[in-house]
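What follows is calculated from the coordinates using simple rules that are stated; it is not laboratory data. Everything numeric in this text was worked out from a predicted model, so none of it was measured. All Cβ positions, glycine included, derive from the backbone under ideal geometry; neighbour counts span all protein chains shown.
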Amino acid sequence: MTAPTASFASASIADVTTFITTHWDDTVRSCPKDEGTLIGLPHPYTIPCRKDAFQELYYWDTYFTALGLLGTGRPDLAVANTRNLLSLVARLGFVPNGNRTYYTSRSQPPYLGPLVGLVADATGDTTLIRDAVPMLKLEHAFWTTRRMTSTGLSHHGNHATHEELIEFFPTVQHRLGLPDAKAEDNVDLASRTMAECETGWDLNSRYDKHCANFCQADLNSTLWLLETLLTRWTEGADRSHWQACADKRRDLINTYCWDAERGGFFDYDHVNQRRSTVVSAATFQPLWAGLATPEQAAAVVKNMLPKLEFAFGVSSVAPGAKPSPYQWDHPNGWPCIQHLVYRGLERYGYQAEARRIAEKYIASVCRAFAATGDLWEKYNVLDGSHHTVGEAGYLINPVNLVTGEADASATEVPPSMMGWTAGVFVDAVGFLANQSPYWLAPLK
């Protein structure tokens, strides 16, 4: 799959970069005390969007946003975001989906350890690691107790009460194609959908609406990285403990998630005791984390990349027999996925493939920016536009339900966004320019 030819020029990259650097402050908010549904945070924080949607700090978005903040001279905001997430662990014992009270019944992919590593490496702030280690141990305990399965691997879920699930269902019923359904009749579906929201991939075809049944390949790879970082950041018996945890998880991932015949990593259904058949970009997470062997990485590049790569980037899920209505399915390309793929490829020496994916992402961003003057939440991997598959009711939340501002109409245009769109753009440009090496170093 070749990269788009002459899809962007350096002037376009310069225009987008200028837009990013001059608009970071538009995304900064401050809420030092609890206020309404907002959970107070000790430092100013960035939100994904300059306006309209997503006016709170989100968990896994923050890692990818930090790539841009650090790459454009705003380490102050990257550090503040990181310390805010640490404060949430201190208060709740885990990082919620975002700093809203209605997000406290679920988390998101656990990127806090990698975020600490990224920011500390860029700033040289060793006190950040010192302060983070106790909080990272608490977060690890959350994922290995409240999200543990009988396999020894973790899974996504939720810890919502019955009342919280009743409140949650109206925020997703349109997305599920059930506009007239009653919450009281769909509590189990609400619980299963909330688990899917915890993955960050809401909604998608990976789980057939039974997300909690699966030990996710990407979740467990990220937890392995957390255990590896705790091994690096502790000493003595503590270090030996975390090394043993990492070794055990690697073995379990290889047992349950690695499929040598198909040449990729797959989610494992621990209820029905079988691997998923769905090919998704989660297969690259073990490469990004550094867990895969060179032989596994080679198999993923050979067997999985051709199924997921298209003219303008990597699709989150390989196309199915019929079009999907869900936003984390084909043909949508999410910035975070592009980053995980090209940096994962880079770590294992697949420079040509990595550069090709980075170029495609930059082409999409520049193409849409030239047409609209803005950045977007996700892009179409087939045509490089910002016209993607949406979900009716995607932007409904408890706040706009109460205020009457909820709009369940379907749309092909996602929200305009800074956040991870800007962060991955800055990182991709730096990667192609052979600037300072990424903090997750190439594997020998």
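Take the residue pairs K137/K360; K51/K209; K33/K378; K322/K378 and return only those whose Cα atoms are more than 27 Å apart.
The pairs that break the limit, which is 27 Å between Cα atoms, are K137/K360; K51/K209; K33/K378.
For W328, W376, W201, what ranking results if the residue with the fewest other Cβ atoms within 10 Å of its Cβ goes first? Show your work: numbers first, answer last.
Numbers: W328 25, W376 22, W201 28.
Starting with the residue having the fewest Cβ neighbours, the order is W376, W328, W201.
Would you indicate which of (i) 19.7; (ii) 24.9; (iii) 21.3 is the value of mean projected area of the Cα convex hull in nm² derived from the coordinates of this structure?
(i)
Quick one: net charge around G313, please, counting Lys, Arg +1 and Asp, Glu -1 for every other residue with C-beta under 15 Å from its C-beta.
Values: positive: K307, R343, R355, R356, K360, R367, K378; negative: E309, D329, E353, E359, E377, D383, D427.
Computed value for this residue: 0.
Scanning the chain for helices, which whole DSSP H stretches are 15 Å or more long along the axis (Cα) and average -0.5 or more by Kyte-Doolittle? If you can, show how the numbers build up before the last one.
On the way: long enough: 10-23 (20 Å, 0.61); 61-71 (16 Å, 0.82); 75-92 (26 Å, 0.57); 112-123 (16 Å, 1.40); 126-145 (29 Å, 0.22); 162-172 (16 Å, 0.19); 187-198 (17 Å, -0.04); 217-233 (24 Å, 0.29); 236-256 (30 Å, -1.24); 335-347 (18 Å, -0.28); 351-372 (31 Å, 0.02); 419-432 (20 Å, 1.38).
Span-like helices in the chain: 10-23, 61-71, 75-92, 112-123, 126-145, 162-172, 187-198, 217-233, 335-347, 351-372, 419-432.
Under unit Cβ charges (Lys, Arg +1; Asp, Glu -1), what dipole magnitude, rounded to 20 debye, does the stretch 278-369 have relative to its Cα centre?
On the way: 9 positive and 6 negative charges, 26 e Å.
I would put it at about 120 debye.
Where Lys and Arg each count +1 and Asp and Glu each count -1, what net charge lies around G40 among other residues with Cβ under 9 Å from its Cβ?
Numbers: positive: K33; negative: D34, E35.
Spelling it out: positives minus negatives among the neighbours equals -1.
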